[in-house]
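One structure is given below, encoded as structure tokens.
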Amino acid sequence: MATLMKFEFATATRILFGSGMVRDVPSLSVELGKRACVVTGRTGERAQSLLDQLKTHGIESLTCHVDGEPTTESAKAAVETARSGQCDLVISIGGGSVLDTGKVVAAMLTNTGKLENYLEVVGPGEALTQVAAPHIAIPTTAGTGAEVTRNAVLGVPEYQVKVSMRSPLMLPCIALVDPDLTHSMPSSITATTGLDALTQLIEVYVSNKANPLTDGLCREGLKRAGRSLRRAYQDGVHSSAREDMAVASLFSGLGLANAKLGAVHGFAGPLGGMLSAPHGAVCARLLPFVMETNVRALQSRKPDSEILSRYDDVAQLLTRRTTAKANDGVKWVQDLCATLNVPSLTEFGLAEREFSTAVAKARKSSSMKGNPIELTESELLEILKKACSRTK
């Protein structure tokens, strides 16, 4: 008997997509607030034009800079800056770290108490009670889809782990995706962010919490990533490739916000806390080995699983061959990661003596609960061993 379907879908109040749309931010902002906290990357150069335009529209602003992966301490500093500046609007323009910080700032402008109280795993994970302050999220990379997700990932150095602050009330009121902003990404960032988006699309599609809405988004995203990620890596100003990857990233965020991920992200949280490595790079290195292990485990222990046919779908969408099977998809991803020069986790400092700790932490992660099959400890250890090998 078929199980009764039940799912939820939530996203940003408005999603605006298109070349040159960043120019609309000042006029959109006028409707939302009078004093903006603009969250940017390390230098803030990309945001200078925006700051100037906000001023001409009568909107005062101050800036918060995010240098590297966000932590609880850097997020609290940004919150304090926004509060002391009496900001009533948040605009985040940058990569996933910037957007996640923007979501935390917007949430804490309207909610009381300590940030730690709202964190999962290391805190009690209390629920937010108030809708976040108006937030316009503008990605400049094509990878995380953080502009449409309902959580923010923060590193907690004292616990050597990354955890989430999570609530539907954190969703930005406007997600503005302008593919032109991604043209300046260097090839290495194009590779890791693009592979992060690809990972999210694959993991959501084969997740045990997938639903018809996320299925459609993932299929379209996989088709676009399959035809354009290599091209965007090789030719950063190829407009159609950049647009495809911006769509793929957006759809991956919509998917993960409304389904579950899997073992790649199950590992990525703990490893992100243990290593000085970008989230996308960790996901990129783990992806082919997790796919390979999942397919083999399903073939061995659940040969009649519907998920195997979904892995066939993934292979066909990526290779554009209607006869492709799951193992062909694994090989395609392995070859892609070799072409994009994805580094070994050893290069980020992961040692074999840390494998057991990483596995223990990963098994407790929320993402691991979405994996299509429960992997054994030996299978998880084997994934890390391969991810640390020097071979591509």
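Structure notes:
- Among the residues of the stretch 356-392, those that are within 19 Å of S207 (Cα to Cα) and not in a helix (DSSP H, G or I) comprise K364, S365, S366, N371, P372, I373, E374, L375, T376.
- Single residue of S249, S228, S239, S188 found to be surrounded by fewer than 23 Cβ atoms within 10 Å (Cβ to Cβ) and under 22 Å from E69 (Cα atoms): S188
- The combined condition, being basic (K, R), free of Cβ contacts under 8 Å to residues at least 60 places away in the same chain and over 20 Å from A210 (Cβ atoms), is not fulfilled by R320.
- Options S276, S300: the member that is under 22 Å from E379 (Cα atoms) and surrounded by fewer than 19 Cβ atoms within 10 Å (Cβ to Cβ): S300
- The helices (runs of 4 or more DSSP H) found entirely in the stretch 241-322 that carry 2 or more residues being under 27 Å from R150 (Cα atoms) and either within 18 Å of the chain's Cα centre (by Cα) or of a type in the set (D, E, K, R) (or both) are 263-274, 279-301.
- Residue match in the stretch 79-90 (condition: out of contact with any Gly (no Cβ under 8 Å at 6 or more places or on another chain), farther than 23 Å from R363 by Cα and crowded, with 24+ Cβ neighbours inside 10 Å): yes
- Residue count, the stretch 91-122 (criterion: buried (at least 24 other Cβ atoms within 10 Å of the Cβ) and in contact with an Asp or Glu (Cβ under 7 Å, 6 or more places away or on another chain)): 2
- Any hit, the stretch 12-30, residues being more than 29 Å from T190 (Cβ to Cβ) and of a type in the set (A, V, I, L, M): yes
- The single residue among T190, T199 that is over 23 Å from N327 (Cα atoms) and among the polar types (S, T, N, Q) turns out to be T190.
- Failed item in (1) out of contact with any helix residue (DSSP H, G or I) (no Cβ under 9 Å at 6 or more places or on another chain); (2) in the same structural domain as T319 (by TED's automatic domain parsing); (3) of a type outside the set (F, W, Y), with V204 passing the rest: (1)
- Contact annotation: residue pairs with Cβ atoms under 9 Å, 6 or more positions apart or on different chains, pairing a residue in the stretch 232-245 that is free of Cβ contacts under 8 Å to residues at least 40 places away in the same chain with a partner that is buried (at least 21 other Cβ atoms within 10 Å of the Cβ) and assigned to a loop (DSSP other than H, G, I, E, B), are D244/A142.
- Residues (part of a helix (DSSP H, G or I), surrounded by 14 or more Cβ atoms within 10 Å (Cβ to Cβ) and not polar (S, T, N, Q)) located in the stretch 323-346: A326, D328, G329, V330, K331, W332, V333, L336, C337, L345
The values are calculated or read from the model by the stated rules, or taken from the named source; none is laboratory data. Nothing here was measured: the structure is a model prediction, and the numbers come from that model. Here Cβ is always computed from backbone atoms with ideal geometry, including for glycine, and neighbour counts include all displayed protein chains.
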